[in-house]
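Here it is, the structure, as structure tokens.
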Amino acid sequence: MSFELAGIGASPGIAIGPALVLEPATLDIPEYRIEAAAVETESARLRAALATARDELLLVRDAIPGDAPQETRLFIDAHLLMLDDPALRERPLRAIREEGRNAAWAIHHERERLLEIFDRMEDAYLRAKREDIIQVTGRVLRHLLGGKPPSAHAGEGHIIVAEDLSPADTVLMKRDRVLACVTDFGGSTSHTAIIARSLGLPAVVGTHLGTRLLRSGDTVIVDGDQGILLVDPDAAMLREYQALQKRRQRRRRLLEELRDLPATTVDGTRVRLRANIELPDDRGFVHRVNAEGVGLYRSEFLFMNRPEAPDEEEQFNAFAEVVSAMRGEPVTIRSLDIGADKSLRSEGMEENTAVNPALGLRGLRLCLRRPEWFRPHLRAILRASALGPVCLMLPMLTSMGELRQAKALVRALQDELCAAGLPFDPQMPLGIMVEVPAVAMAAAHFAREADFFSIGTNDLIQYALAVDRGDDDVNDLFDPLHAGVLAMIHNTIAAGHAAGIPVAMCGEMAGNPAYTELLLGLGLREFSMYPGAIPEVKEIIRRTRIDRAEALAQALLAGDRRALEARRED
Ligand code: PEP
Ligand code: MG
């Protein structure tokens, strides 16, 4: 019988094939007492399970394709760090030794204890770490109970249906030529969704009932664009989706042909398309899509998942690597934007524990309070500016005072470098991210002292609409087309251009082709996005007429949302 199951489209694409339903990760955990004489054997069993889980993760790390984004490796490193943490083994080993518990129960008990602690945490980043605990302990439990990890079952040419998948398992699925994955749990911003997207594996998450309603062998269509599954489709449905799949393949090939063509509108307006990157390794992606340099280098990723913060030299080397690889194209390095959902574990750099971290000490606010971090960081950026065009961008800027303070610090550091005979670009532009609503509204004021603007819509929308960007429960209220948001974007672009400074956008909105024409109509001429989004956005730009785009923008600014739908139907 055919039926449809709805979830969240976490990674685009269409896949058609047989389902392979994996056994639930939540295994029945046996609970029993062991004899004193068995303590040593039981402890050894636990140690062996931890070691096997570790070896397995190392294998997974080696299997990551060379061109996979650096984030993939970081997720696995985070799991390895968790496995190496003595806390994960000490309590369970004590429970075996002192209470005579069996190993599986002991590790399960520790998992429940940790989850309870994490559930009480306000910090969204830490709450998200729950997922890591479940996945890491699940891996150990599978070894203790003799189960196999999902990836060991993962069959070539199948659609994997599981309760949940770890990022590590997702990596293996790609290697094993799995067609798509479907999970009962998870949201579109979960680690697994991020990895699936970056690996190009269609995925639908949050179906709730997938593992219960599907059986291995069922024919399934996964529509990662719409977030739906069609189970046992009839012949007409199959034909429709096969045709859609072919159209998508043709489109991908066509988009590849645009690589070397300029992003110019029908009426000759030139648009710059730059890339957002997180780590030096991402520079390959920038070249693959022929981006015009880097519009956002999220420098905080250099500091994540490691016990100690990188020193000035290491930061300089990381920045230098990207600047040199860009061969004269600009690199916009954003100064450390930590706090809120991006916290660090580096020694001495623990995140703040404010009740509302999104409104607390984050980004520039935090850096200005911690010159011992900020000074070497800025020195590294300044030194990298000697190797090619670098722009320094300040995140979460709220007041003119902060901008002046940062500028004064940069000047002082330039003097220091001069005295030390270290080269830097004295003309390095110093710009700001516009992501605090009051800054967007007072953009004309800030344009007098900033060298450029870059609109961070992820935070701008979060703060303008009072909607937590990481909270699935209010995801439907996160609305880039809200007339209030558009007014802020419009005002920022107009004020920047009136003052003669460049205005870019580097939030997710810039990489969503659904908004490209609108943004052009609002006056945007510089877009920065994850590299994979560039071909599609470029194609729309090359079809756009600025007068029509401006009419669309006027309609949306006036709250007429139907204008966008009418344009799509054109
Ligand atoms: C933004 O806020 O739009 C942005 C680009 O920065 P991040 O997503 O890193 O906060
Ligand atoms: Mg931001």
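Take residue 560 and tell me if it is in a loop (DSSP other than H, G, I, E, B), out of contact with any strand residue (DSSP E or B) (no Cβ under 6 Å at 6 or more places or on another chain), over 25 Å from residue 334 (Cα atoms) and not β-branched (Val, Ile, Thr).
It is true that residue 560 is in a loop (DSSP other than H, G, I, E, B), out of contact with any strand residue (DSSP E or B) (no Cβ under 6 Å at 6 or more places or on another chain), over 25 Å from residue 334 (Cα atoms) and not β-branched (Val, Ile, Thr).
In addition: Restricting attention to the range 285-304, report how many residues are at pLDDT below 90 and either within 13 Å of ligand 1 (Cβ to nearest atom) or over 12 Å from residue 325 (Cα atoms) (or both).
Final tally of qualifying residues: 8.
Can you list the helices (runs of 4 or more DSSP H) found entirely within the range 400-491 that contain at least 3 residues being surrounded by fewer than 17 Cβ atoms within 10 Å (Cβ to Cβ)?
Result: 400-420.
Residues checked against (1) open to solvent by less than 30 Å² (accessible area, probe 1.4 Å); (2) of a type in the set (Val, Ile, Thr); (3) outside the structural domain of residue 330 (by TED's automatic domain parsing); (4) not in a helix (DSSP H, G or I):
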site	(1), (2), (3), (4)
247	no, no, yes, no
266	no, yes, no, yes
276	yes, no, no, yes
281	no, no, no, no
284	no, no, no, no
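Name the residue, out of 288, 272, 239, that is among the basic types (Lys, Arg) and outside the structural domain of residue 373 (by TED's automatic domain parsing).
On inspection, the qualifying residue turns out to be 239.
The values are calculated or read from the model by the stated rules, or taken from the named source; none is laboratory data. Given the structure is predicted, the values throughout are model-derived calculations rather than measurements. All Cβ positions, glycine included, derive from the backbone under ideal geometry; neighbour counts span all protein chains shown. Surface accessibility is based on the protein's heavy atoms, side chains included, excluding ligands, DNA and RNA. Shrake-Rupley method; radii C 1.70, N 1.55, O 1.52, S 1.80 Å.
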